[in-house]
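*Asks:* Okay, handing you the structure first.
The values are calculated or read from the model by the stated rules, or taken from the named source; none is laboratory data. Please read these numbers as outputs of a predicted model, since none were measured by experiment. Every residue, glycine as well, gets a Cβ built from its backbone with ideal geometry; the counts of neighbours run over all protein chains shown.
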Amino acid sequence: MYEMGEAEIQAVARVIRKGQLFRYRGGEGGEVDQFETRYKEMLGASHFLTVTSGTAALISGLVGLGIGPGDEVIVPAYTFMATPLAVLNVGAIPVVAEVDESLLIDPNDVVKKISPRTKAIIPVHMQGLPCNMTALKQVAQQHGIAILEDACQAVGGSYQGKRLGSIGDAGAFSFNHFKNISCGEGGGLATSNRKIYERALIYHDCGSAFRLYASSLQEPVFAGGNFRLNEVLGAILNEQLKRLDNILSRLRERKKWLREALSGCPAYQFSPVHDEAGDCGCVLTLLFDSAESRKATEQTLKAAGHGVSSPIDFNQHVYIYWTPLLERRGAHHPALDAYRLPENRFSNYVLTKESCPRSLDILSRTLTLYIPIAQDKAWFENLGAAVQQACAVGV
Ligand SMILES: *Cc1c(COP(=O)(O)O)cnc(C)c1O
């Protein structure tokens with residue numbers, strides 16, 4: 001959701017005039033510090049660490065959980081490829097589970113994909129839709145495995161009154177250009193577990209050994225990389241956070257208008273939502289009986305100039321397009337490649353294009369309608385009528 005203006009421009013100018021762009025030189029209360037405090041208060045989490053991207057947040061979360069070679073992590077068949085790539089990045093094997101009609105990871109298939117090596121599940125709240133966290137938490141508890149929520153597309157969303165990203169052991173967020181709030185590129189990791197937080201903190205800051213805060217850590221330092229956010233981006237995020245409630249309420253209002261305008265058509269059903277009040281996405285999805293009827297409707301709408309699509313055609317987000325996984329090249333160097341590590345020799349999981357047929361069927365029967373936040377009620381009524389008309393043509 002790109003909504004920026006004078007407030008962000010002024011905030012950036014303030015940081016530049018101050019002349020301190022590095023987060024650990026401004027002392028307490030710098031822009032990044034303030035954002036972390038506000039964000040964790042919004043979530044009701046004990047810790048929040050900003051990093052340079054959602055991918056960096058996922059990697060830091062896995063590092064925080066102590067996941068590495070010899071471990072498997074279950075991810076959904078429908079997510080941005082960064083989710084399984086983060087798993088490979090720490091030397092573990094991503095195991096891909098089916099999504100159900102909600103377009104989110106199917107807890108029943110998660111159970112089928114659990115092995116003695118499974119250490120975590122990454123439920124992804126795709127399109128701002130909350131996963132079935134009740135069922136997933138039950139599965140995780142029964143099998144003694146962790147939950148790292150991928151809330152990259154779900155900033156501000158909730159499930160049963162709890163913010164997405166604060167329900168599992170840790171939650172990863174993205175603030176890239178396309179997400180609910182943005183600073184161009186950025187991310188963050190939320191957790192209420194001190195150990196996960198400290199390990200992620202150490203990892204994101206080149207091992208932290210030289211940093212003042214290192215003396216107060218209970219975890220021993222280890223080598224890491226640099227995923228630190230800077231004050232310019234922190235300043236933008238502080239302004240963006242002020243806009244979040246307004247963005248979400250306008251999205252939800254528009255989604256309600258579109259739902260009303262789409263109701264009563266026998267050609268499709270609304271994709272089931274686990275908690276409609278907590279939905280924070282900028283799309284509404286419809287489930288058709290067949291891929292053919294979805295395609296026919298889509299073509300009619302496109303011909304009339306409406307911006308619609310199907311998740312099956314969004315190639316970064318469907319597992320059949322994840323080439324590095326399908327071709328089993330998990331790193332830049334063979335000795336670091338999770339698929340070749342001796343610790344992973346017992347992991348017999350192999351991803352092929354045939355691995356998740358149910359996901360492909362559901363995704364190809366789904367039609368995605370976007371919710372442009374600047375449009376008025378008449379616009380959504382018009383879109384709804386156009387969809388209903390397109391379905392009538394298809395019949
Ligand atoms: C955007 C996104 C990511 C990665 O976020 P970046 O900030 O682009 O690294 C991870 N998972 C999902 C589901 C995403 O949509």
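*Asks:* Could you list, in sequence order, all residues of segment 73-124 that are over 21 Å from Ser166 (Cα atoms), surrounded by fewer than 24 Cβ atoms within 10 Å (Cβ to Cβ) and of a type in the set (Ser, Thr, Tyr)?
*Replies:* Listed by number, the residues that qualify are Ser115, Thr118.
*Asks:* Within segment 101-132, work out how many residues are without any contact (Cβ under 8 Å) to a residue 60 or more places away in the chain and under 22 Å from Gly54 (Cβ atoms).
*Replies:* 8
*Asks:* Sticking with this structure for a sec: Of Lys162, Lys179, which residue is within 14 Å of the ligand (Cβ to nearest atom), out of contact with any Lys or Arg (no Cβ under 6 Å at 6 or more places or on another chain) and among the basic types (Lys, Arg)? I'd like the intermediate steps shown before the answer.
*Replies:* Values: Lys162 fails: within 14 Å of the ligand (Cβ to nearest atom).
Criteria check complete, one pass: Lys179.
*Asks:* Do we have any residue at all in segment 126-148 that's within 20 Å of Arg194 (Cα to Cα) and within 12 Å of the ligand (Cβ to nearest atom)?
*Replies:* The answer is yes, given that some residue of segment 126-148 is within 20 Å of Arg194 (Cα to Cα) and within 12 Å of the ligand (Cβ to nearest atom).
*Asks:* Among the listed residues Ala291, Ala277, Ala296, identify the single one that is under 19 Å from the mean Cα position of the chain (by Cα), in contact (Cβ under 8 Å) with a residue 24 or more places away in the chain and surrounded by fewer than 22 Cβ atoms within 10 Å (Cβ to Cβ).
*Replies:* Numbers: Ala291 fails: under 19 Å from the mean Cα position of the chain (by Cα); Ala296 fails: under 19 Å from the mean Cα position of the chain (by Cα).
None of the others qualify; the one that does is Ala277.
*Asks:* From Asp150, Asp169, grab the single residue that is in contact (Cβ under 8 Å) with a residue 60 or more places away in the chain and surrounded by 23 or more Cβ atoms within 10 Å (Cβ to Cβ).
*Replies:* Values: Asp169 fails: surrounded by 23 or more Cβ atoms within 10 Å (Cβ to Cβ).
The unique qualifying residue is Asp150.
*Asks:* Oh, and also: When you look at Pro123, is it under 23 Å from Ile312 (Cβ atoms), more than 10 Å from the ligand (Cβ to nearest atom), in contact with a Cys (Cβ under 8 Å, 6 or more places away or on another chain) and modelled with pLDDT of 95 or more, yes or no? Don't jump to the end; show me each part of the working.
*Replies:* Working: under 23 Å from Ile312 (Cβ atoms): yes; more than 10 Å from the ligand (Cβ to nearest atom): yes; in contact with a Cys (Cβ under 8 Å, 6 or more places away or on another chain): yes; modelled with pLDDT of 95 or more: yes.
So Pro123 fits the description; yes.
*Asks:* Now a separate question. Any residue in segment 377-393 that is assigned to a helix (DSSP H, G or I) sitting within a Cβ distance under 9 Å of a residue that is aromatic (Phe, Trp, Tyr) and crowded, with 17+ Cβ neighbours inside 10 Å? List the pairs, counting only those 6 or more apart or interchain.
*Replies:* Within 9 Å, the pairs are Lys377/Trp257; Trp379/Trp257; Phe380/Trp257; Glu381/Trp257; Gly384/Trp257; Val387/Tyr268; Cys391/Tyr268; Cys391/Phe288.
*Asks:* Does Thr297 satisfy being in contact with a strand residue (DSSP E or B) (Cβ under 8 Å, 6 or more places away or on another chain) and part of a strand (DSSP E or B)?
*Replies:* Considered against the rule, which asks whether it is in contact with a strand residue (DSSP E or B) (Cβ under 8 Å, 6 or more places away or on another chain) and part of a strand (DSSP E or B), Thr297 comes out as no.
*Asks:* Just give me the residues in segment 76-113 being within 12 Å of the ligand (Cβ to nearest atom), within 18 Å of Glu354 (Cα to Cα) and not hydrophobic (A, V, I, L, M, F, W, C), in sequence order.
*Replies:* Pro76, Tyr78, Thr79, Pro84
*Asks:* Pick from segment 182-215 the residues that are over 27 Å from Ala120 (Cα atoms) and out of contact with any Phe, Trp or Tyr (no Cβ under 6 Å at 6 or more places or on another chain): which of them is nearest to the ligand (Cβ to nearest atom)? Don't jump to the end; show me each part of the working.
*Replies:* Step one: of segment 182-215, the residues over 27 Å from Ala120 (Cα atoms) are 182-184, 209-215.
Remaining after also requiring out of contact with any Phe, Trp or Tyr (no Cβ under 6 Å at 6 or more places or on another chain): 184, 209-215.
Numbers: Gly184: 10, Ala209: 27, Phe210: 27, Arg211: 24, Leu212: 28, Tyr213: 25, Ala214: 27, Ser215: 31 Å.
Across segment 182-215, the extreme among qualifying residues is Gly184.
*Asks:* Check Gly207 against each of (1) surrounded by fewer than 24 Cβ atoms within 10 Å (Cβ to Cβ); (2) modelled with pLDDT of 95 or more and name the one condition it does not meet.
*Replies:* (2)
*Asks:* What pairs come up if the first residue lies in segment 178-189 and is in contact (Cβ under 8 Å) with a residue 40 or more places away in the chain and of a type outside the set (A, V, I, L, M, F, W, C), the second is more than 9 Å from the ligand (Cβ to nearest atom) and part of a loop (DSSP other than H, G, I, E, B), and their beta carbons are under 7 Å apart, counting only those six or more places apart or on different chains?
*Replies:* These pairs meet every condition: Lys179/Val155; Asn180/Met1; Asn180/Val155; Asn180/Gly156; Asn180/Cys280; Ser182/Tyr2; Gly186/Leu229.
*Asks:* Just to verify a result, which residue in segment 315-346, among those that are within 16 Å of the ligand (Cβ to nearest atom) and assigned to a loop (DSSP other than H, G, I, E, B), is farthest from Ala392 (Cα to Cα)?
*Replies:* Applying the first criterion (within 16 Å of the ligand (Cβ to nearest atom)) to segment 315-346 yields 315-319, 321-322, 324-325.
Restricting the remaining residues to those that are assigned to a loop (DSSP other than H, G, I, E, B) gives 315-317, 322.
Details: Asn315: 29, Gln316: 32, His317: 30, Trp322: 36 Å.
Of everything passing the filter in segment 315-346, Trp322 is farthest from Ala392 (Cα to Cα).
*Asks:* Residue by residue through segment 41-89, note down the ones that are farther than 30 Å from Asn238 by Cβ and more than 18 Å from the chain's Cα centre (by Cα).
*Replies:* Gly66, Ile67, Gly68, Pro69, Gly70, Asp71, Glu72
*Asks:* Now for a different question. If I ask for residues that are farther than 29 Å from Asp245 by Cα and touching a strand residue (DSSP E or B) at 6+ places or on another chain (Cβ under 7 Å), which ones from segment 265-286 would you list?
*Replies:* Start the filter on segment 265-286 by keeping residues that are farther than 29 Å from Asp245 by Cα, which leaves 265-268.
Ala267, Tyr268, listed by residue number.
*Asks:* Going residue by residue through segment 305-314, is there one that turns out to be more than 26 Å from Cys152 (Cβ to Cβ), among the acidic types (Asp, Glu) and assigned to a helix (DSSP H, G or I)?
*Replies:* Scanning segment 305-314, I find no residue that is more than 26 Å from Cys152 (Cβ to Cβ), among the acidic types (Asp, Glu) and assigned to a helix (DSSP H, G or I), so the answer is no.
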